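The values are calculated or read from the model by the stated rules, or taken from the named source; none is laboratory data. The structure displayed is predicted, hence computed values, not measured ones. Cβ sites come from the backbone with ideal geometry, for glycine too, and all protein chains shown count toward neighbours.
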Amino acid sequence: MQTELRAKRLESEKNQEKNKTLEKATNRDTHIRWLHLKQNPYLIRELNKQRKTAKQRQITNNIYRVWATHSLLLLLLLQPPLHFAQIQHQSRYSMTSPDSNNVAEFSRRLATFSLNVYNKLITQKPNQNIIFSPFSIQTCAAMARLGAVGETAAQLDRGLGLISNNEAQIAESFHHVLTAYENSSILHIANKIYIMTGFELKDEFSSLISKQFLSAVEPVDFAKNVEAASKINSWVEQRTNNLIKDLVPPSALDKDSRLVLINAIHFKGNWVHQFPERDTRNEPFHLNDADSIEVPMMNLKKRFRYANLGDLDATALELPYKDSDLSMLIVLPNSKTGLSQLEEKLRSTPLSQITGALYSTDVIVKLPKFKSEFEVELSETFKQLGMTQLFSNEADFSNMLQSPEELKVSKIIHKAFIDVNEKGTEAAAATGVVVRTKRSIISLEEPIEFHADHPFIYMLVHQQSLPLFLGTVVRLEAGTSASCAPKLNERDEL
């Protein structure tokens, strides 16, 4: 045993001696190389350059890994947990997630439908302030479309500008928007169907309405028209914060009524940059080149997204709402009498073209306080847009009810309300989005002036150019500002 231990100790000592010899040789070689480099400055510079490049490459690799990891986490957060969403039916969808790739196309089609309806309304209601919710109108009509077949369905597909002629795909496109705002604190959208007592919906229609449009179904006796109208209107008032009253008159209901389809939408948001009340003062609002009226005009100087729209002979301003992906977009003609020309040019101008031209800059804003309420029966508008058969005896809604009754639409009633003030906007309506890199321009020039002191168009839009409300201000009532602030020069600081 002692002999073995002695042998191992001798072997260990030999290995240590070898390592020392190798270390000395290595140090000697390193010293020789260093002396050689010291005598050659070019080699020293090259070596330092290589070390610097290697260090930069390592830093770049570290940055890339961090960026990629965070991007992956964001993408995972934007993707809905599919199985859980199917069970719970909560608002798990994002309007920019892979599950809603058609939202941009949905938005484009809704924007086109919005302008089509708008152009019909301004001829029916000339020289009036208009406010309506194209999304509310389209949603309500789309629910009816799910029960239509044949030419009735085809006309609705074309007239509404729906994304598909397949019922399931139509319902899915609305589902993405409805679930995105299902738990929103500032935007509330609700659908409901009232059905005549004793009748039942077809299973497929009922499933699409309840699951995709998140709509409840309630039986009611339309023969008792006063009670039925009261029940429907109470639900609408509740869903619109008491802003929309008496949507359905009792005279619209009788024993032959079978279905009432309702969409209600309510929005109340505060500006990101609120207008100081002390700076609101009476200033002229020009009705035309000759006539004007004194109205409470809000004033603010802040950084906003703005666009000079040369092709439209107009400018645009985006006023964002706090804690939201919604904003008010104002399109102001350069001329005091340029609204009609602007309306004509907007027929062929995509909304995305306007929002895509916006950039960030300092703006001096003048915007009148205003309230607007609007009511319209849309049967004539729908007919002018090519949707005629749903009102006629040739209408085919055979996919709605289990009983083989022939149905047709008698009325489409729409009401809307908006209130714009220093704090923000409240709007309501009822009816019977590529991520773009933002441009930021820092300018040392004078702030841009955006004075909405003559007729203009405005929209409440989602960031993907999806219009929820659209309206015009063409005339205002004379009012007295609560502020006694002196009138400022246009160049004064606000």
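Looking at (1) touching a His at 6+ places or on another chain (Cβ under 9 Å); (2) under 20 Å from Q124 (Cβ atoms), which one does K336 not meet, given that it meets all the others?
The number of the failed condition is (2).
Filter segment 103-133 for residues that are touching a His at 6+ places or on another chain (Cβ under 8 Å) and outside any helix (DSSP H, G or I) and give the result.
F132, S133
How many residues, within segment 225-270, are outside any loop (DSSP other than H, G, I, E, B), polar (S, T, N, Q) and over 20 Å from L470 (Cβ atoms)?
Within segment 225-270, residues that are outside any loop (DSSP other than H, G, I, E, B), polar (S, T, N, Q) and over 20 Å from L470 (Cβ atoms) number 7.
Under 7 Å between Cβ atoms, at least 6 apart or on separate chains: pull out the pairs that start in segment 95-111 with a residue that is within 15 Å of L470 (Cβ to Cβ) and among the hydroxyl-bearing types (S, T, Y) and end on any residue that is at pLDDT 50 or above and crowded, with 17+ Cβ neighbours inside 10 Å.
Listed by first residue and then by second, the contacts come to S107/Q464; S107/S465; S107/L466.
Confirm whether I209 is closer than 15 Å to Q402 by Cβ, of a type in the set (V, I, T) and outside any loop (DSSP other than H, G, I, E, B).
Yes.
Counting just the residues of segment 178-195 that are surrounded by 21 or more Cβ atoms within 10 Å (Cβ to Cβ) and out of contact with any strand residue (DSSP E or B) (no Cβ under 7 Å at 6 or more places or on another chain), which one comes out modelled with the highest pLDDT?
Among residues in segment 178-195 that are surrounded by 21 or more Cβ atoms within 10 Å (Cβ to Cβ) and out of contact with any strand residue (DSSP E or B) (no Cβ under 7 Å at 6 or more places or on another chain), the one modelled with the highest pLDDT is T179.
Checking L156 against (1) at pLDDT 95 or above; (2) closer than 19 Å to T431 by Cα; (3) surrounded by fewer than 21 Cβ atoms within 10 Å (Cβ to Cβ), which single condition isn't satisfied?
(3)
For L146, only one of the following conditions fails: (1) surrounded by fewer than 17 Cβ atoms within 10 Å (Cβ to Cβ); (2) farther than 25 Å from F456 by Cα; (3) over 23 Å from the mean Cα position of the chain (by Cα). What is its number?
L146 satisfies every listed condition except (1).
Out of S136, S206, report the one residue that is surrounded by 23 or more Cβ atoms within 10 Å (Cβ to Cβ) and either at pLDDT 90 or above or under 30 Å from L342 (Cβ atoms) (or both).
S136
When you go through K245, K231, K202, K268 one by one, which is the residue that is within 24 Å of S403 (Cα to Cα) and not aliphatic (A, V, I, L, M)?
Only one candidate qualifies: K202.
Scan segment 244-276 for residues that are of a type in the set (G, A, S) and within 13 Å of F222 (Cβ to Cβ) and jot them down.
S251, A252, S257
Can you name the condition, by its number, that S348 falls short on among (1) small (G, A, S); (2) touching a Pro at 6+ places or on another chain (Cβ under 9 Å); (3) surrounded by fewer than 22 Cβ atoms within 10 Å (Cβ to Cβ)?
With respect to (1) small (G, A, S); (2) touching a Pro at 6+ places or on another chain (Cβ under 9 Å); (3) surrounded by fewer than 22 Cβ atoms within 10 Å (Cβ to Cβ), S348 is out only on (2).
Got a number for residues in segment 271-283 being crowded, with 19+ Cβ neighbours inside 10 Å and assigned to a loop (DSSP other than H, G, I, E, B)?
The total comes to 2.
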